[in-house]
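The values are calculated or read from the model by the stated rules, or taken from the named source; none is laboratory data. Treat the numbers as computed from the prediction; the structure is a model and nothing was measured. With ideal geometry, Cβ positions are generated from the backbone for all residues, glycine too; neighbour counts draw on all protein chains shown.
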Amino acid sequence: MNSEEQEKVQAQAAEAAAEAQNEAAEAAENSAAEAADTAPGADSEQWQEAGEITDDAAAAEKVEISAEALLQAEVASLKDQLLRKEADYQNYRKRMAREVSDARRIGLVETITPFLQVFDLFEMAMKAAETSDNVAALKQGLEMILAQYGKTIDELGVQKFDAVGSTFDPMWHDAVAYENDPEAPEGTIIKQWNCGYKMGDRLLRPARVIVSGGPAREAAGEAEEKAENAQ
C-alpha cells in the first residue's frame, strides 16, 4: 500500500469515527426526549439525573472511539514510516552496487589502457619479422617493447624484484628445485626462472627460483676429513 492509499484509509477512519460520535450523541438526546414524553408527570430532578447519566455514557463512548481512531492513525503512520525506510534501504543497496561496479570498470580501464601501446609495439615487431631478416632491427624493436613495458608497470606502481643471491623466503619466493652447490650455503637462491612483482608491500607474483642445498654430502665428507687430517 502506497502513501496515498494510506492517507485515504486514515481519512475514511476519521470520518467513520466522527459519524459514530454524532450517532451516539443523537441517540442519547432521543432517549432523553422519549423518556420525558412518556412520563410527563415525573419529577424534573429525576429526568435531569437521567439526562446526565446519558450524557456521561455518550462522553465515555466518544472518548473510547477517539482513542481507537488515534491508535489506528498511529499504526498507519508507523507502517508508512516503515515502508519508506525499506524503500530508502533498497535504493541505497542498488546505488552502492552500481558504484562498486563502476569503480571496478574504471579500475580495469585505467590498468589496461597503458598496455595498449605495448601491444601496438609488439604487433609492429611481428610484422617487421615477417618481411625482414635484419636481426639487429628486430632486437632493437624488442628492446623498445621491453622499455615500454617497464615504463607502464612503473606508472602503475608495480615493482620488479630479483632474488639471485638472497636467502630463500617462502613469502616472496617459489622454489621450483633444489641443487647442491659447493660455493653457496644451503638456503641461498642460486638461479632464477622468473622475477617477482610487488606493489608496495603486496606481493603480486613470487619469484620462481632454484635454491642451493649446500655442498653435496660426499664433498662435505671429504672436506671434513681433510680438515681433520690437517689438524
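Numbers below:
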{"read-out": "Condition met for residue 78 (surrounded by 12 or more Cβ atoms within 10 Å (Cβ to Cβ) and outside the structural domain of residue 200 (by TED's automatic domain parsing))", "value": "no"}
{"read-out": "Conditions (1) in contact with a Gly (Cβ under 8 Å, 6 or more places away or on another chain); (2) at pLDDT 95 or above; number of the one not met by residue 163", "value": "(2)"}
{"read-out": "Exclusive hit being in a loop (DSSP other than H, G, I, E, B), at pLDDT below 90 and out of contact with any Asp or Glu (no Cβ under 7 Å at 6 or more places or on another chain), set 218, 183", "value": "183"}
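Quick grid of which residues meet (1) under 30 Å from residue 109 (Cβ atoms); (2) out of contact with any Phe, Trp or Tyr (no Cβ under 6 Å at 6 or more places or on another chain):
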| site | (1), (2) |
| --- | --- |
| 138 | no, yes |
| 147 | yes, yes |
| 158 | yes, no |
| 167 | no, yes |
| 173 | no, yes |
| 177 | no, yes |
| 190 | no, yes |
| 195 | yes, yes |
| 200 | yes, yes |
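For (1) assigned by TED's automatic domain parsing to the domain that holds residue 188; (2) more than 26 Å from residue 206 (Cβ to Cβ); (3) under 33 Å from the mean Cα position of the chain (by Cα); (4) loosely packed, with under 14 Cβ neighbours inside 10 Å, each residue gets a yes or a no:
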site	(1), (2), (3), (4)
110	no, no, yes, yes
136	no, yes, no, yes
164	yes, no, no, yes
171	yes, no, yes, yes
